[in-house]
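Notes follow the structure.
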Amino acid sequence: MKSKVAIIGAGLAGCEVAWLLGKNGVYIDLFEMKPLKYSPAHKSPYFAELVCSNSLKSINKYHPSSMLKDEMKALGSIIMESAYKNRVPAGESLAVDRDRFSRYITERLRTLETVNIIKKEVQEIPEGYDFIVIATGPLTSESLAESLSKLLGDNFLYFYDAIAPIIDADSIDKSKVFSGSRYERGGDDFLNIPLTKEQYFNFIEALKVAEKVVLRPFEKEKYYEGCLPIEVLAQRGDLTLAYGPMRPVGFDDRKIGFKPFAVVQLRKEDEEGTAYNIVGFQTKLTIKEQEKVFRMLPGLEKAVFLRYGSIHRNTFISSPKYLLPTLNLKDMPGIYFAGQITGVEGYVESAGCGIMAGYFLLCKIKDIPVMIPSSKTAIGAMLSHLKSENRPFQPSGIHYGLFDKRDMPKNVDKKIWIKNNEEESFKAWFEEITKHFIF
Ligand SMILES: Cc1cc2nc3c(=O)[nH]c(=O)nc-3n(C[C@H](O)[C@H](O)[C@H](O)COP(=O)(O)OP(=O)(O)OC[C@H]3O[C@@H](n4cnc5c(N)ncnc54)[C@H](O)[C@@H]3O)c2cc1C
């Protein structure tokens, strides 16, 4: 008997799910609310719209995003196919003509007779389907968000406005920081940056005058009190940060060598400590200003940013709590999630997540055992973020910190080691899964 499948949202993720299932002979209803209704950021009637930048990031082969793109190409990604066909010159980045890019994908999907496109805003989880894939993105329409909220309980959706930057550990000058935790709660998990009074006030001044990203009209300045951007805190008073995320209490001043006026904490992003989050430094400073202002902190003069702080409305589920590793709900396994709504972040990651949701669902429909890619592959590393349980779950794009490096020898070049392992692990996984499906 044929399975009845609905995919909601023909964005970057939804198109990948539809493409993979459709190519493998699964009949789908693909619901998209455009052009009848647009989110505040979407403008084009075509599928897989790039709502902001036209860049799909780096193509330097050692860059995590590049590894992910290469894996997606091998997995038959429609987003990659279109990106390379509609590329515009952009140095070491993959940038596209956004209109042609989206048009191409829309047309390709229309050629699949297995894909039935329905232009409609889905306001409630539809009935009568064996499987549903929700791929409605960070700007999921409000009625559907409400319906999801009813389905999963009030707290299932998180809204956040700002995230903190992540720094490559190798770029931190360790001679200027010390390891330890406030009141020794948490061993040596943090790196701490002590600041003198002068350094603190210079930093606050720079923060106050730094250029901020201008919000779009629909993005109200509505922040959670516990997650305020650092520059908003600084505007409230010069000492607010010294009493907040930069409070200098709970440390042994003898270990520091002086009594600090403020302390910035860097929290490990992965077990191996290859990447660090600047605690409480969620921000909407522009990228240029983040580099300038945060590099004023002792030890971060040469900081390499793996992820910049950023801000925009975002709707996502707490995936570690609600999803199985196969991207379907623990309690309602017929409902899958794909794209940014799962807590991956970025165009490429959302599309990659769509491919994986498609693969997992295809295994279910065709009754083939699922093979989850290891976190040595880029796509596996990206998915591993959706299982992170140690801290409040926040969306993230792919970065080095997500790769499995448990058996990485000391004194090797991290990027080369990750790349070599990535290629090998992906090849082995891909060879197995291509025995069953068309990619
Ligand atoms: C303002 C903004 C700027 C961004 N800038 C960047 C950037 O520069 N670079 C980057 O890498 N990432 C950026 N992102 C993140 C980017 O949106 C996502 O990475 C990516 O588009 C998400 O893909 P997706 O498929 O999950 O969702 P989307 O691409 O947003 O697709 C979701 C689709 O679902 C449809 N939909 C929504 N609700 C319903 C419904 N109820 N019924 C039917 N259809 C529905 C929408 O119309 C849309 O077509 C930005 C996000 C926002 C909000």
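The values are calculated or read from the model by the stated rules, or taken from the named source; none is laboratory data. These numbers were taken from a predicted model, which means no experiment stands behind them. Every residue, glycine among them, receives a Cβ derived from its backbone with ideal geometry; neighbour counts consider all protein chains shown.
Okay, here's what the table says:
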quantity: Matching residues, the range 394-439, being more than 25 Å from S350 (Cβ to Cβ) and among the polar types (S, T, N, Q); calculated: N411, N420
quantity: Any chance K61 is part of a loop (DSSP other than H, G, I, E, B), within 14 Å of the ligand (Cβ to nearest atom) and exposed (fewer than 15 other Cβ atoms within 10 Å of the Cβ); calculated: no
quantity: Unique match (being of a type outside the set (A, V, I, L, M, F, W, C), within 15 Å of the ligand (Cβ to nearest atom) and over 20 Å from the mean Cα position of the chain (by Cα)) among S82, S55; calculated: S82
quantity: Whichever residue in the range 1-37 is at pLDDT below 95 and not charged (D, E, K, R) and, among such residues, is farthest from the ligand (Cβ to nearest atom); calculated: M1
quantity: Count - residues of the range 173-213 that are more than 17 Å from F258 (Cα to Cα), β-branched (V, I, T) and assigned to a strand (DSSP E or B); calculated: 0
quantity: Some residue of the range 338-360 being farther than 24 Å from M80 by Cβ and not in a helix (DSSP H, G or I); calculated: no
quantity: Filter result for K37 (closer than 19 Å to N314 by Cα, out of contact with any Leu (no Cβ under 7 Å at 6 or more places or on another chain) and surrounded by fewer than 21 Cβ atoms within 10 Å (Cβ to Cβ)); calculated: yes
quantity: Positions within the range 118-151 being near the ligand (Cβ under 7 Å from one of its atoms) and farther than 16 Å from T342 by Cα, in sequence order; calculated: K120, E121, V122, Q123, S143
quantity: Sole residue being among the small types (G, A, S) and modelled with pLDDT of 95 or more, chosen from A135, A162; calculated: A135
quantity: The one condition in (1) touching a Cys at 6+ places or on another chain (Cβ under 8 Å); (2) in a loop (DSSP other than H, G, I, E, B) that L109 fails to fulfil; calculated: (2)
quantity: Pick from the range 282-335, criterion of a type in the set (G, A, S) and not in a loop (DSSP other than H, G, I, E, B), ranking: modelled with the lowest pLDDT; calculated: S310
quantity: Which numbered condition V177 misses (of (1) surrounded by fewer than 17 Cβ atoms within 10 Å (Cβ to Cβ); (2) in contact (Cβ under 8 Å) with a residue 24 or more places away in the chain; (3) of a type outside the set (S, T, N, Q)); calculated: (1)
quantity: Cβ pairs under 6 Å, 6+ apart, first in the range 5-16 and on the phi > 0 side of the Ramachandran plot, second near the ligand (Cβ under 6 Å from one of its atoms) and not small (G, A, S); calculated: G9/T136
quantity: Count - residues of the range 6-20 that are crowded, with 24+ Cβ neighbours inside 10 Å and not in a helix (DSSP H, G or I); calculated: 5
quantity: Pair list, Cβ < 8 Å and 6+ apart or interchain, from the range 293-319 residues that are free of Cβ contacts under 8 Å to residues at least 60 places away in the same chain to residues that are away from the ligand (no atom under 16 Å from the Cβ); calculated: R295/E301; R295/K302; R295/A303
quantity: Lone unmet requirement of (1) within 16 Å of the ligand (Cβ to nearest atom); (2) under 28 Å from E423 (Cβ atoms) for M371; calculated: (1)
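Per-residue answers, yes or no, for (1) over 20 Å from G9 (Cα atoms); (2) at pLDDT below 95; (3) of a type in the set (S, T, Y):
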{"site": "V51", "(1), (2), (3)": "no, yes, no"}
{"site": "S55", "(1), (2), (3)": "yes, yes, yes"}
{"site": "S66", "(1), (2), (3)": "yes, no, yes"}
{"site": "A83", "(1), (2), (3)": "no, no, no"}
{"site": "N86", "(1), (2), (3)": "yes, yes, no"}
{"site": "R98", "(1), (2), (3)": "no, yes, no"}
{"site": "F101", "(1), (2), (3)": "no, no, no"}
